[in-house]
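Right, one structure below, let's go through it.
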Amino acid sequence: MRSVVHTRQGEPAQVLTLREEPERPRPGAGQVLVRMRVRPVHPGDLAGVEGLPELWEQQSDARTPGVEGMGVIESVGPDVHTLGPGQRVAVFPAPGTWAEYVVVAADRIVGVPDEVSDETAALMLVNPLTLRMLYRALDSALRGRQGSVLQTAAGSSVGRLVSTVAVRHDLPLINLVRSASGARKMRTLYPTLPVIATCDDDWRDQVRRGAGRAGIRVVLDCVGGAMTRDLAELLADGGTLLSYGQLGSGTTPLERLPLIQRSLTVRGVSVLQWMSRPPKERARDIAFALDLARNTPDLLEVAASYDLADFRAAIEHARRPARTGTVLLTTAQSADPGQGVAR
Ligand SMILES: NC(=O)c1ccc[n+]([C@@H]2O[C@H](COP(=O)([O-])OP(=O)(O)OC[C@H]3O[C@@H](n4cnc5c(N)ncnc54)[C@H](OP(=O)(O)O)[C@@H]3O)[C@@H](O)[C@H]2O)c1
């Protein structure tokens, strides 16, 4: 079995290596062994390799990145009766999907409908579930009050999902991107939503004018870093900064934010907390993700696919500016060296 592993944190292209192991893992009670076909390279996967201590603490030895993907069930644990070998499935949260085989708890498996492609299935959980978590956090931050919502990195895969739902629900969303070309792309995709490029010197004034008297009530931010102070200053009094990513550089100390004077709230949102949501809410979220995968697969756009062994080229592609869509790592079934290996 091939897997991508690292034994220390650092620059992914340097610390990750491809490992060959003679044996596949075995599913225990309540578990399923999935032969993975496709898994994404998410920004969070790379952040986990670069250094998220809480992720690292869970690892004793070598760690394999990846939290979602799709494949086919190879075998099931003794007490798993509702799933069986040969079923196409998507998995999340499933630590270690950058491998040919992964053992996953049965309650983290979602059956993939025939009409959904492997590529779409590999992308149908993390970002759509993040969207649901962001919208719930947004709803509770707005509490029915007037005002606009500002989102950073609006051209990202998650940002486009947010924009699509905003258009559907008439949410007053202002999109921020970092380049003029990114702004042009977003205007073409979402002509009714205002777009502002942070490469313009007066982008903050453009946001204030766009928000009008009610101001910015909530910021959905995945850039953070040095930009956090600007974002907090753009919020109306009593507003909320929802932080869910760290694409930017630099840092902003908490003390530099006008939290106290302006009664601002800063709240983190992570899809890694999704399993702690009530089962009924999770079932509705999965139904939403499946509906999106079936009916609007274009929203789960693929940038390119690379073989698992070409993970360095995939990472380089995933970091290219102005890319659209998510880069995938695939394992060709015909070239599956795990076939016939003693179990
Ligand atoms: N908290 C969670 O549970 C959760 C779950 C999923 C995703 N996320 C986060 O959500 C964010 C988007 O993820 P994704 O998969 O949708 O991303 P993606 O499709 O890979 O897109 C990345 C976007 O970020 C922009 N970007 C990159 N670096 C930037 C910077 N320094 N300043 C401003 N914009 C920058 C890029 O702009 P250009 O087009 O100009 O290159 C691109 O539009 C990431 O931070 C990710 O970690 C968080």
Of all residues in segment 214-234 being more than 15 Å from the ligand (Cβ to nearest atom) and touching a helix residue (DSSP H, G or I) at 6+ places or on another chain (Cβ under 7 Å), the one that is farthest from Arg132 (Cα to Cα)
Leu234
All-but-one check, Glu115 against (1) open to solvent by 50 Å² or more (accessible area, probe 1.4 Å); (2) within 15 Å of the ligand (Cβ to nearest atom), failing number (2)
If a residue must be open to solvent by 50 Å² or more (accessible area, probe 1.4 Å) and touching a Ser or Thr at 6+ places or on another chain (Cβ under 9 Å), how many such residues does segment 60-97 contain?
3
Picked from segment 135-159 (must be assigned to a helix (DSSP H, G or I) and near the ligand (Cβ under 8 Å from one of its atoms)), the residue least open to solvent (accessible area, probe 1.4 Å) is Gly159
Pull up segment 173-195, narrow it to residues that are within 23 Å of the chain's Cα centre (by Cα) and either of a type in the set (Val, Ile, Thr) or closer than 25 Å to Ala141 by Cα (or both), then point me to the one that is nearest to the ligand (Cβ to nearest atom).
Val177
If I ask for residues that are over 19 Å from Gly245 (Cα atoms) and aliphatic (A, V, I, L, M), which ones from segment 125-150 would you list?
Leu142
Residue by residue through segment 1-46, note down the ones that are open to solvent by 30 Å² or more (accessible area, probe 1.4 Å), in a helix (DSSP H, G or I) and within 15 Å of Tyr306 (Cβ to Cβ).
Ala13
Confirm whether Arg217 is assigned by TED's automatic domain parsing to the domain that holds Thr251 and either open to solvent by 60 Å² or more (accessible area, probe 1.4 Å) or on the phi > 0 side of the Ramachandran plot (or both).
no
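Residues checked against (1) in a loop (DSSP other than H, G, I, E, B); (2) more than 19 Å from the chain's Cα centre (by Cα):
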{"position": "Leu231", "(1), (2)": "no, yes"}
{"position": "Ala236", "(1), (2)": "no, yes"}
{"position": "Thr251", "(1), (2)": "yes, yes"}
{"position": "Ala289", "(1), (2)": "no, no"}
{"position": "Ala304", "(1), (2)": "no, no"}
{"position": "Ala314", "(1), (2)": "no, no"}
{"position": "Leu329", "(1), (2)": "no, no"}
{"position": "Gln333", "(1), (2)": "yes, yes"}
Could you please find all residues in segment 235-258 being more than 19 Å from Gly51 (Cα to Cα), of a type outside the set (A, V, I, L, M, F, W, C) and within 14 Å of the ligand (Cβ to nearest atom)?
none
Ala121 meets each of (1) open to solvent by less than 10 Å² (accessible area, probe 1.4 Å); (2) assigned to a strand (DSSP E or B) with one exception, condition (2)
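The values are calculated or read from the model by the stated rules, or taken from the named source; none is laboratory data. Quick caveat: nothing in here was measured; it's all calculated off a predicted structure. Virtual Cβ from ideal backbone geometry, glycine too; neighbours counted across all protein chains shown. The accessibility values were calculated without ligands, DNA or RNA, using every heavy atom of the protein model including side chains. Shrake-Rupley method; radii C 1.70, N 1.55, O 1.52, S 1.80 Å.
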